[in-house]
Amino acid sequence: MIFMRVYTFSKVLMQHTTLTVLWSDRAPKPLRVLYLLHGGTDDSTLWFRECDIETLCEEYGLLAVSLDARSSSYADMRHGQKFFTYLTEELPEFLAHRLPISSRREDTMIAGFSMGGQGAVKAALRCPEKYGACMGLSGARDPVAMYKVWQAMENGPDLRGVVDALGPIDEIYGSENDLLYLAEQAAQSGKKLPRIFLSCGKEDYAVEHSRSYHQFLERLGIAHDYMETEGSHGYEAARTALKIALDAMLKEGCPK
């Protein structure tokens with residue numbers, strides 16, 4: 001098993017940044033790629049410290065990679081760096097020139113927890129040609145409704161960071177960061193979407209919002225899988241869901 005911390009300069013971000021990468025040196029090449037997007041306030045090591053990513057890489061012949069996105073919401077930030085462009089354009093090109101990965105859509109997957117789940121679904125809906133599968137774990141929700149939940153929380157996230165990333169809350173609907181709008185646009189476009197898997201913990205504070213997004217996709221006719229696991233808002237529930245999703249998607253196949 002090969003585990004790497006990569007330090008590099010990004011032209012898109014205009015700064016030095018880091019990646020965490022893991023793959024099995026025994027797996028056949030080229031490798032399937034799994035982008036793992038961390039939650040808000042986390043970093044690129046969280047998936048590897050909290051979940052058994054090593055076993056998944058070994059079992060499925062995956063190269064797992066996570067970027068350090070801070071609290072960017074994986075957006076081209078209103079006040080900050082262009083993390084969406086980095087994730088969907090510069091990073092894949094960087095990896096393709098340096099690591100033995102497949103370039104096929106069906107071998108490219110993206111998954112994320114919480115803020116990362118939001119980012120994964122956003123990438124899948126805006127760039128459906130790039131991914132065979134998308135796993136939004138505790139993050140596929142109406143961003144404005146979630147902002148209001150955080151406002152009401154006694155110890156919620158720093159909302160200044162959310163506004164820096166997405167802009168004023170009253171300007172999110174209908175924007176490139178609105179998962180409702182992006183789903184509507186995707187449904188109308190007729191483009192082939194990745195296979196979409198959504199999940200949330202039954203004790204997650206935002207489970208009702210996850211259910212609402214699942215129902216919204218159903219009304220639009222966007223095919224997807226939805227499940228609820230035991231647990232609250234954390235990597236434990238995400239770990240369970242990721243394993244179930246990979247079992248289903250890689251055994252049944254992802255869209256080409």
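The values are calculated or read from the model by the stated rules, or taken from the named source; none is laboratory data. Small disclaimer: the values here were computed from a predicted structure and weren't measured. In this analysis, Cβ positions are derived from the backbone assuming ideal geometry, glycine residues included, and neighbour counts consider all displayed protein chains. The area values use the complete protein model at the heavy-atom level, side chains included, leaving out ligands, DNA and RNA. Shrake-Rupley method; radii C 1.70, N 1.55, O 1.52, S 1.80 Å.
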Query raised in the report: Of these, Gly112, Gly119, which one is open to solvent by less than 20 Å² (accessible area, probe 1.4 Å), in contact with a strand residue (DSSP E or B) (Cβ under 7 Å, 6 or more places away or on another chain), in a helix (DSSP H, G or I) and not charged (D, E, K, R)?
Result: Gly119
Query raised in the report: For Asp204, are the conditions met, namely being in a helix (DSSP H, G or I) and of a type outside the set (Ser, Thr, Tyr)?
Result: no
Query raised in the report: Conditions: (1) on the phi > 0 side of the Ramachandran plot; (2) open to solvent by less than 10 Å² (accessible area, probe 1.4 Å). Leu36 meets all but one. Number of the miss?
Result: (1)
Query raised in the report: Just for strands (runs of 3 or more DSSP E) wholly inside region 1-80: which have at least 1 residues that are at pLDDT 95 or above and of a type in the set (Gly, Ala, Ser)?
Result: 2-10, 62-67
Report task. Among the numbered conditions (1) of a type in the set (Gly, Ala, Ser); (2) touching a residue at least 40 places away in the same chain (Cβ under 8 Å); (3) part of a helix (DSSP H, G or I), tell me where Ser199 comes up short. Result -> (3)
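Confirm whether Tyr181 is more than 29 Å from Arg78 (Cα to Cα) and among the aromatic types (Phe, Trp, Tyr).
No.
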Query raised in the report: When you look at Ser44, is it under 25 Å from Asn177 (Cβ atoms), touching a Phe, Trp or Tyr at 6+ places or on another chain (Cβ under 8 Å) and of a type in the set (S, T, N, Q), yes or no?
Result: no
**Report entry** Positions within region 134-147 being in contact with a Ser or Thr (Cβ under 8 Å, 6 or more places away or on another chain) and open to solvent by less than 10 Å² (accessible area, probe 1.4 Å), in sequence order
**Finding:** Met135, Gly136, Leu137, Ser138, Gly139, Ala140
Query raised in the report: Hey, among Ala223, Ala152, which residue is modelled with pLDDT of 95 or more, loosely packed, with under 13 Cβ neighbours inside 10 Å and among the hydrophobic types (A, V, I, L, M, F, W, C)?
Result: Ala223
Query - Subset tally (residues that are open to solvent by 30 Å² or more (accessible area, probe 1.4 Å) and of a type outside the set (Asp, Glu)) for region 160-194 - result: 16
Report task. Using the structure shown, decide if Asp107 is in contact with a strand residue (DSSP E or B) (Cβ under 7 Å, 6 or more places away or on another chain), open to solvent by less than 20 Å² (accessible area, probe 1.4 Å) and among the charged types (D, E, K, R). Result -> yes
Query raised in the report: Within the set of pairs 6 or more residues apart or between chains, which connect a residue that is of a type in the set (Phe, Trp, Tyr) inside region 232-243 to a residue that is outside any helix (DSSP H, G or I) with Cβ atoms less than 7 Å apart?
Result: Tyr235/Cys51; Tyr235/Phe113
Report task. Scan region 129-136 and give yes if some residue there is in a helix (DSSP H, G or I) and either more than 19 Å from the chain's Cα centre (by Cα) or more than 18 Å from His214 (Cα to Cα) (or both), otherwise no. Result -> yes
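Restricting the search to region 81-109, which residues are of a type in the set (Val, Ile, Thr), within 13 Å of the chain's Cα centre (by Cα) and in a helix (DSSP H, G or I)?
Listed by number, the list holds a single entry, Thr88.
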